[in-house]
Amino acid sequence: MISTLLIVVVVLAIAFDYINGFHDAANSIATVVSTKVLTPFMAVLWAAIWNFAAYFYFTDHKVANTIAKTVLEEYITLEVIFAGLVAAISWNLFTWYYGIPSSSSHTLIGGFAGSGMAYAWFMGANPVTAVNQSAILKIASFIVLAPVIGMIISVIITLIIMNIAKKARPATAEKWFKVGQLISSAGLSFAHGGNDAQKVMGIIATALIAEQVIPDFEAMPAWVPLSCYAAIAAGTMSGGWKIVKTMGTKITKVTPLEGVAAETAGAATLGITEHFGIPVSTTHTITGSIIGVGVVKRVSAVRWGVTISLLWAWILTIPVSAILGGITLAVIHFIL
């Protein structure tokens, strides 16, 4: 018998995936919009198509498996998952409203971990023992590593492109860079879909296991990945214009050449981390990549004040989401 709470959790998880889509739409389209290669509407449509296309390629679900193991099995209940999702949605909507490009991935991880720790505390156990500490450490380390890797790759790609194109006519080069940006933005959207949709898949699979609907992660039904990829694509179609402005114009001015480099670097970084099952932030990755193309011009081309503000949002996301998850679980505990 499927419980009402399980249905609520699944619906809430898919709703979070939709919110993730419009919150993170800027990651995929900010540079292609700021360089005027595509209109905002065409950009979100292009990104949504490639978000969903990832469904047919990313079938190993390594990232989803990592997310599912964030909280140890003995501390997972539907109430814990519900509280984590409420916390994640709350922080995502707050940061979206204020145009802060925070990580949807980290807010989900933080909310889930925080509610799991609160549950352990109510059970009389040490809260720290509720989470998979090696997984959390790996995820936390990539708050720094993902943007740094993205920045390094974007610097290398930018220098290679500049060297190849230095003898080309400016008008011809500009034309080819705009075509290249269509390809690179598609690649970034493809990698974004493959990385971020899996996180919600992991949460839904965990809920199904907790209710003994399925025996283990490998038995996840086909409707789970299909609905997750559809939800994130639909969310991307809804846009996220406040964050687009921050990502596309406030960090550094981006040309089509630099857009190709940043998006290619972001896609490459996400592809590498997905291969190893590491749930990284698309937001952090593309931000680092954009900073990289700015640094190639000159260090002063990057608006470091904006970057530092973003860094604070990155640092705070997991602990704030964890606190919100713990508070939500506490409210549920005392009500029930």
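The values are calculated or read from the model by the stated rules, or taken from the named source; none is laboratory data. Since this is a predicted model, take the numbers as computed values, not measurements. All Cβ positions, even for glycine, are placed from backbone atoms using ideal geometry, and neighbour counts span all protein chains on display.
Numbers below:
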| quantity | calculated |
| --- | --- |
| Which listed residue is within 23 Å of residue 270 (Cβ to Cβ), modelled with pLDDT under 90 and among the aliphatic types (A, V, I, L, M), from 53, 88, 68 | 68 |
| Among (1) part of a helix (DSSP H, G or I); (2) modelled with pLDDT under 80; (3) over 16 Å from the mean Cα position of the chain (by Cα) - the single one residue 11 does not satisfy | (2) |
| Flag if residue 124 is closer than 23 Å to residue 333 by Cβ and either in contact with a Ser or Thr (Cβ under 8 Å, 6 or more places away or on another chain) or surrounded by 18 or more Cβ atoms within 10 Å (Cβ to Cβ) (or both) | no |
| Exclusive hit being free of Cβ contacts under 8 Å to residues at least 60 places away in the same chain and crowded, with 18+ Cβ neighbours inside 10 Å, set 168, 130, 135 | 130 |
| Of residues in the stretch 284-307 being hydroxyl-bearing (Ser, Thr, Tyr) and at pLDDT 75 or above, the one surrounded by the fewest Cβ atoms within 10 Å (Cβ to Cβ) | 287 |
| Candidate set: the stretch 233-267, residues that are closer than 11 Å to residue 32 by Cα and assigned to a loop (DSSP other than H, G, I, E, B); chosen: the one modelled with the lowest pLDDT | 254 |
